[in-house]
């Protein structure tokens, strides 16, 4: 049904029922000096056809991975999505489903979430995974809160190489909870400084939070960090912004991580101007009851038939608010289904093949850019599909020049990292052909002053 605004008569009847004379009377509780005292400056109403044409014209101004050569990453990745993903999630029983409180009528949704949890455990090497979260940043923040519950400590160490928006989200979550957040610097090779980490550890530390790979695309030494962190009884949180890497790298669980929180957008979810995305969250069995959100479990009914239920639901909708592990009121069920379909279609071999393509193409681009006069690769540590480039001029100028040639060349790092005004982050995925990478290299080489 098309949206039809209220008529004047509709408004009059509603006001009469409420008992006020005008719509403005509904806002008398708001101080007059902060209320707009004039009509909003809106263009006249358009016919539907004219309005659609206007929106299409505006949409054509967007720079996207389809309209430009894109080498953007930093937490949102342009991966190929098989057409069947959208086809399956468009079935009405999936996209109209809500929270599966009643298992007798929600078996399909519950099974899909159960399969999603299983896939996350297989990827991360962890024991248990929850029924998804909002996004990678909030999942990371929830992991920090979980470590405080599990250890009864409130000092948290955070790698300076962690995604800056993940760091900001953690800081927001912890702002009024008396946490002590300590930044651990990164070394010259782009990885977290292990000596600085070791000197900051103590019996008051709840956790160390590190990226895998980190924001610079660098692959962290999780095993060494885990050994140090576990020595004082703390937890190691691995934040995974690019989970395609898990198709090739050793799993965080095998390397000693206690919690793996990350962003599932790479698994069949479009970039979509920033969302909606999918937060995944996995942990060890020992911390199961400290996990946020909820879990779906498998059981049998009284006739011995396989069935699925909400096994653990320690969120505020289910128990007393002060006892809840999280105030997240819903999981990203449809996005979790997209990830489940994608991972099921790709399988272990497919995910590994995508990861190998990302690694190989990024290495080709990395070496080609390093060979250009005026550009260098400042971090020597191994990377996955992203890497930092240093230019002889400000990164914003380089990227602006590339955009004029319809190339989205990367993310300027100066806005998040002091002293990095001449550095930018480049991402290469399986979507980037050799010809596109060569075009980026040629554009960079032609623009050096």
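The values are calculated or read from the model by the stated rules, or taken from the named source; none is laboratory data. In this text the structure is predicted, and so the values were computed from the model without any measurement. We place every Cβ from the backbone using ideal geometry, glycine too, and count neighbours over all the protein chains shown.
Quick look at the numbers
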read-out: Number of the condition not met by residue 132 [criteria: (1) in contact with a helix residue (DSSP H, G or I) (Cβ under 8 Å, 6 or more places away or on another chain); (2) under 26 Å from residue 73 (Cβ atoms); (3) at pLDDT 95 or above]; value: (3)
read-out: Condition met for residue 76 (surrounded by 12 or more Cβ atoms within 10 Å (Cβ to Cβ), under 30 Å from residue 409 (Cβ atoms) and either touching a residue at least 40 places away in the same chain (Cβ under 8 Å) or in the same structural domain as residue 243 (by TED's automatic domain parsing) (or both)); value: yes
read-out: Test result for residue 315, at pLDDT below 95 and surrounded by fewer than 16 Cβ atoms within 10 Å (Cβ to Cβ); value: no
read-out: Qualifying residue in the stretch 154-161 (condition: crowded, with 17+ Cβ neighbours inside 10 Å, part of a helix (DSSP H, G or I), touching a helix residue (DSSP H, G or I) at 6+ places or on another chain (Cβ under 8 Å) and in the same structural domain as residue 274 (by TED's automatic domain parsing)); value: no
read-out: Count of the stretch 88-114 residues which are surrounded by fewer than 18 Cβ atoms within 10 Å (Cβ to Cβ) and in contact with a strand residue (DSSP E or B) (Cβ under 8 Å, 6 or more places away or on another chain); value: 4
read-out: Qualifying residue in the stretch 436-443 (condition: under 28 Å from the mean Cα position of the chain (by Cα) and farther than 21 Å from residue 62 by Cα); value: yes
read-out: Scope the stretch 163-183; condition touching a strand residue (DSSP E or B) at 6+ places or on another chain (Cβ under 8 Å) and crowded, with 17+ Cβ neighbours inside 10 Å; matching residues; value: 163, 166, 167, 170, 174, 179
read-out: Matching helices (runs of 4 or more DSSP H) fully within the stretch 1-104 where at least 2 residues are more than 30 Å from residue 276 (Cα to Cα) and more than 33 Å from the chain's Cα centre (by Cα); value: 8-18
read-out: Matching entry among 85, 120 (being buried (at least 20 other Cβ atoms within 10 Å of the Cβ) and more than 25 Å from residue 256 (Cβ to Cβ)); value: 85
read-out: Those residues of the stretch 356-377 which are more than 30 Å from residue 121 (Cα to Cα) and not in a loop (DSSP other than H, G, I, E, B), in sequence order; value: 364, 365, 366, 367, 368, 369, 370, 375, 376
read-out: The stretch 383-407, residues that are out of contact with any helix residue (DSSP H, G or I) (no Cβ under 8 Å at 6 or more places or on another chain), part of a loop (DSSP other than H, G, I, E, B) and modelled with pLDDT of 95 or more; value: 392, 393, 394
